[in-house]
């Protein structure tokens, strides 16, 4: 019962203290509010960029064109279809061996022929003229699991028997991926830096409030309050300041992001570049803000109190 | 019973200044003792060792059987709950009422509110300030403020009341009042009182045990003594 009483009194004291030193408390809360707002923006921006980059990366394909199989007229044992079948089977079995590949789709030369005929009349005429012969080749569209492996996978595929050409936007792809990496690192770095700034600001402000109460702390010591019971009200005060500082950012984040999402209809420019769905994401961000605010507030207090507690 | 004992106590600061040199002193339970001497004679330092605001560089200080000089820092607060200390500058919290000031220590011990009420009013009655419970320190005279400090010091019924120049900021008449209060506490509550002072009038009038410190050592220890001034300066 005794420790419970002490805790309840500490919480009550911390409320009193915040109100009594209201202008200082307000300064700390405002600092936390501004910084947590920036943290929120960074988190949302970073998370969305992350989602977009992942989506784009997953869309990066390797297109593989197989070699044209021809048979000499006088070679009766050579069958084009059979040869092509062999090449395809071999190719697919090689692909299956490779763990890095997510999926692959075959588009036969017949499918190409049909598609091109539909697409353009002059192609249609040309194919009609050629009759049985199909000058086109089979192709595979390959999706990899990790966009970073594109170059290596393409190299490997190129070495497989029957492959004529692999295309994956080389040069450009690597550029896109490294750009995305930089964006991810930078936004994470910004978030970390901002959290540290918030910690510093809250800690500093609480140092000021404690400094203005040093005579009170001295009396507490002389009168026989244990170190723990002296620290406790300040701990709660830091917790409260961080908590109060996170309220406005949380509301603005929830309201603002939902409005933004519905205004943009869930996408930027096109379907491919989609924003993260608000529900659950927004609450996760809010929870993060709350935790950052309160934890940072408490650490700020403890550090400041330690400086003034002698013995 | 050897209630308070200083055994070969010395205090030297790191800058070489000696505050106390080889003090040996015994105070029995229930005594009323004056520690006198010029400013910077070491009397405050001597007193501070009782509640561990200072630690001796050599020797031991024993209070109620407990070796306070060897006490771990984390345990000092427990010692202070069993003592009462009164200061020259009162050390009251200006934003709290008289009642709240006196209740302050008890709140931090986690005592029940009803128990706190009983003890606080008992202490206020002992110092004659029951009707000022709701006042703030700034509304009180110097003498009344010091009485509030005394009430706070005795609220948990300590065995020892330590006073560090309690009448230093008060005029002679008010000082007399305060001494009356202290004397009644000594008699009614059987509290041992150790008081550091350089107030000649009070010491000479009260005829209690007087321990004089000069040049960092005890130069005289007299029952029913009077204020001694040494010519060695």
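Every number in this text was worked out from the coordinates using simple rules, so none of it is lab data. Please read these numbers as outputs of a predicted model, since none were measured by experiment. Cβ: placed from backbone, ideal geometry, glycine included. Neighbour counts: every protein chain shown.
Among B:66, B:161, a tally of other beta-carbon atoms within 10 Å of each Cβ gives an order, fewest to most, of B:66, B:161.
The mean number of partner chain beta-carbon atoms within 10 angstrom of a residue's beta-carbon across peptide B:146-156 is 1. Take the alpha carbon atoms of the range B:165-233, find their center, do the same for the range A:291-305, and report the distance between the two centers in whole angstrom. Value for the Cα centre distance between the two parts: 48 Å.
The ranking of B:54, A:96 from fewest to most other beta carbons within 10 Å of each one's beta carbon is A:96, B:54.
Put a dot 7 Å past the Cα of residue B:26, heading toward its Cβ, do the same for residue A:251, and the two dots end up 7.2 nm apart. Put the Cα centre of the range A:77-128 next to the Cα centre of the range A:231-257 and the gap is 61 Å. When only Cα pairs below 8 angstrom with a gap of at least 6 residues are kept, the range A:61-167 shows a relative contact order of 49 percent.
Quickly rank B:3-12, A:103-112, A:121-130, B:162-171 as a protection proxy: mean count of other C-beta atoms within 10 Å, highest first.
Numbers: B:3-12: 18.3, A:103-112: 14.1, A:121-130: 11.7, B:162-171: 20.8.
The densest-packed peptide leads the list: B:162-171, B:3-12, A:103-112, A:121-130.
Dividing the mean sequence gap of close Cα pairs (under 8 Å, 6+ apart) by how many residues chain A holds gives a relative contact order of 31 percent. Against chain A, whose longest principal axis is taken from its Cα atoms, helix A:214-223 shows a tilt of about 70°. What is the angle, in °, between the Cα long axis of helix A:121-130 and the longest principal axis of the Cα atoms in chain A? Nearest 10 is fine, range 0 to 90. Approximately 40 degrees, to the nearest ten.
Look at the stretch A:213-223: the mean tally of other chain Cβ atoms within 10 Å of its residues' Cβ atoms is 5. Here B:41, A:301, B:14, A:117 are placed in order of increasing Cβ neighbour count within 10 Å, fewest first, which gives B:14, A:117, B:41, A:301. Neighbouring Cβ atoms from other chains, within 10 Å of the Cβ of residues in B:76-89, number 3 on average. Entry note, chain B: relative contact order of 26 percent, from Cα contacts under 8 Å with a spacing of 6+ residues. With helices as the sole contributors, the protein assembly as shown gives -18500 deg cm²/dmol at 222 nm; each DSSP H run of n ≥ 4 counts as -39500 (n - 2.57), and the sum is divided by every residue. Against chain B, whose longest principal axis comes from its Cα atoms, helix B:98-108 is set at around 70 degrees. I need the shape label for the range A:61-167. Rule: rounded when a/c is under 1.5, else prolate if a/b > b/c, else oblate, with a, b, c from the alpha carbon gyration tensor. Note, shape of the range A:61-167 comes out oblate. Annotation for the range A:181-195 versus the range B:57-97: alpha-carbon center distance of 51 Å. Highest-first packing order for the peptide set B:103-110, A:15-22 is B:103-110, A:15-22, based on the mean count of other beta carbon atoms within 10 Å.
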